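Below is one structure; the comments refer to it alone.
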Amino acid sequence: MAATPDDGGYWIVTNDGYVAACGDAALLGEQTSLNAPIVGIAATPDGGGYYLVASDGGIFAFGDAEFQGSAGSLHLNKVVVGMTVDPTTGGYWLVATDGGIFAYGVPFFGSTGSIHLNRPVVGMAADAATGGYWLVASDGGIFSYNAPFYGSTGSMTLDKPIVGMESPTSGSGYRFIAADGGVFTYGTSGFYSTPIFAPPPPSSPSPGGSPNAPACLIYMSNSSPPDGYEETATITSNQPNASVTLSKHYSTTTSTNSGITDGTGEAAISFNIGSAAQGYPVVVYATVGAASCSTGFTPV
């Protein structure tokens, strides 16, 4: 999530690239054609734009946001899970699940890349007052680098894991968001609402009045499944009676399942969650005939 400059609202993004604007935040764009799922959003200092970051380190800029570099072409030890913008320079940092930091037009203050973590890092936020930043783990634990500590959920029992954080450009403090949409506020950060997302827009016909271009979407039965849970991926598409290949990528491991869509272009493929570590994202890709799509989930 990302706050507006006056802290009167915020944006929240889904892993398939849809954006919800809450309070006085304006919707400036979405990115739903992806190679990897979206894992974070960060606003520009004036609130006139924002960036989306994907798990492969790819960056998408909207409004007055300026592209300054990405990790999309790098070999990553762990997937990227978040980013934040420096309110002074307009540069930005990306953070991976091990707490590794990638800096673009901003200083490096430290990371947890060499530290053994109880839970993986899932997001970060910049402190407008000091120019430093915070990292947050899936249990709500906070790591501060040139920034003050305001509190955490590290000692609480959460219904769902923390999946991101942000800090306002005015005032002091930060917010966490959990996988169920719960928002936790610390310092002077305010609470405005839990997110409500608009449904995906309808597909647009291809030029010349021919049938719609191949397209698909994946919906997971549980975005935060426990160990041993049987997860089901429901694929909707405009590809009836087509072969489906479902790939699940975790760290350096990839497994696949196959199926076929019915006459309406839908398919459901189930698989067991038993080898992915708690709190670490699993990226799910599907090819459905000539279409492809992706999403993700985080085991707890």
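No value in this document is a laboratory result; all are computed from the given coordinates. Predicted, not measured: the structure shown is a model, and the values here were computed from it. FYI the Cβ positions are ideal-geometry reconstructions off the backbone, even for glycines, and counts take in every protein chain you see.
Brief remarks on what is shown
- Put a plus charge on the Cβ of each Lys and Arg, a minus charge on the Cβ of each Asp and Glu, and nothing anywhere else: the dipole of the chain about its Cα centre is then about 440 debye.
- Unmatched cysteines, the chain - criterion: no other Cβ of a Cys under 4.7 angstrom: Cys22
- Asn238 long-range amide H proximity, modeled H, under 5 Å: Ala215
- Cut-off 13 Å between beta-carbons: net charge of the residues surrounding Phe143, Lys and Arg +1, Asp and Glu -1: -2
- Going through (1) 130; (2) 155; (3) 203, the figure that equals volume of the Cα convex hull per residue in Å³ as computed for the structure here is (1).
- Gly265 long-range amide H proximity, modeled H, under 5 Å: Asn241
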